[in-house]
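A quick write-up on the structure given underneath.
The values are calculated or read from the model by the stated rules, or taken from the named source; none is laboratory data. This is a predicted model, so every value here is computed, not measured. Reconstructed Cβ throughout: ideal geometry from the backbone, glycine too, with neighbour counts over all protein chains shown. Heavy atoms of the whole protein, side chains included, go into the accessibility calculation; ligands, DNA and RNA do not. Shrake-Rupley method; radii C 1.70, N 1.55, O 1.52, S 1.80 Å.
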Amino acid sequence: MPRQTVPLHADDISSFAKALARQLSDALDKQPRPPGHVELLNMLARAAGHRNFQSLRVQPPIASPAEAPAEQASPALSDIAQKALRQYDDHGRLTRWPIKFSVQRMMLWGLWMRFDARRKYSEREVNEVLRAWHLFGDHCTLRRELINMRLLERKPDGSQYRKLPARPDADTMAFMRALRQRSPKPIRRPLAN
């Protein structure tokens with residue numbers, strides 16, 4: 001059977017290396033032997049932001065810069081919105097946490113729209129949503145900043161979270177529309193009781 005070439009792309013090699021090292025460390029803590037071939041393939045895929053190796057295989061190939069279409073940032077977007085949009089990959093996942101405060105604030109709206117307003121979340125569920133939509137491995141900062149910005153609310157004991165109703169300004173709305181166009185629809189889970 002011929003070998004199939006599967007390209008692996010990492011937006012940030014440092015985050016990729018840290019995620020892979022963390023997974024290898026966890027695997028070696030659980031069992032004394034090194035991970036097998038399939039386990040390593042899954043670790044590599046997860047470090048690059050995929051669910052597993054199978055999901056990596058079915059992803060469309062990433063176009064080279066020569067083949068990639070021009071940046072699709074709308075001319076109506078402000079400089080801050082364009083900078084915030086560049087922090088997301090083609091699948092709508094946040095790739096890095098910028099230094100500039102105004103860009104951080106704009107980016108948080110992109111994560112806020114990933115939560116369902118009709119349900120309550122446990123801390124673990126909030127972490128799962130954030131991990132699914134970012135690649136740099138710091139869901140705690142994202143969760144804290146969403147709460148500080150009053151986009152999410154939590155009970156004092158941290159047992160329950162919910163999305164707060166908020167009204168973004170026109171610039172933020174344009175940013176969110178542009179982000180929705182480049183990212184897939186979120187998976188709807190059944191509402192929690």
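Overview of results
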read-out: Residue selected from the range 115-135 under the condition assigned to a loop (DSSP other than H, G, I, E, B), surrounded by 15 or more Cβ atoms within 10 Å (Cβ to Cβ) and among the charged types (D, E, K, R), by the criterion nearest to the chain's Cα centre (by Cα); value: Asp116
read-out: Members of the range 149-176 that are more than 11 Å from Ala117 (Cα to Cα), touching a residue at least 24 places away in the same chain (Cβ under 8 Å) and either assigned to a strand (DSSP E or B) or of a type in the set (A, V, I, L, M, F, W, C) (or both); value: Met149, Arg154, Ala174, Phe175, Met176
read-out: Some residue of the range 12-31 being in a loop (DSSP other than H, G, I, E, B), open to solvent by 80 Å² or more (accessible area, probe 1.4 Å) and either at pLDDT below 85 or farther than 18 Å from His134 by Cβ (or both); value: no
read-out: Count of the range 17-46 residues which are more than 19 Å from Gly137 (Cβ to Cβ) and in contact (Cβ under 8 Å) with a residue 12 or more places away in the chain; value: 3
read-out: Of the criteria (1) in contact with an Asp or Glu (Cβ under 8 Å, 6 or more places away or on another chain); (2) modelled with pLDDT under 90, which one Arg93 fails; value: (1)
read-out: Residue tally, condition modelled with pLDDT of 70 or more, surrounded by fewer than 17 Cβ atoms within 10 Å (Cβ to Cβ) and over 22 Å from Leu8 (Cβ atoms), over the range 55-85; value: 3
read-out: Residue tally, condition of a type outside the set (Lys, Arg), in contact with a Phe, Trp or Tyr (Cβ under 9 Å, 6 or more places away or on another chain) and open to solvent by 20 Å² or more (accessible area, probe 1.4 Å), over the range 92-104; value: 2
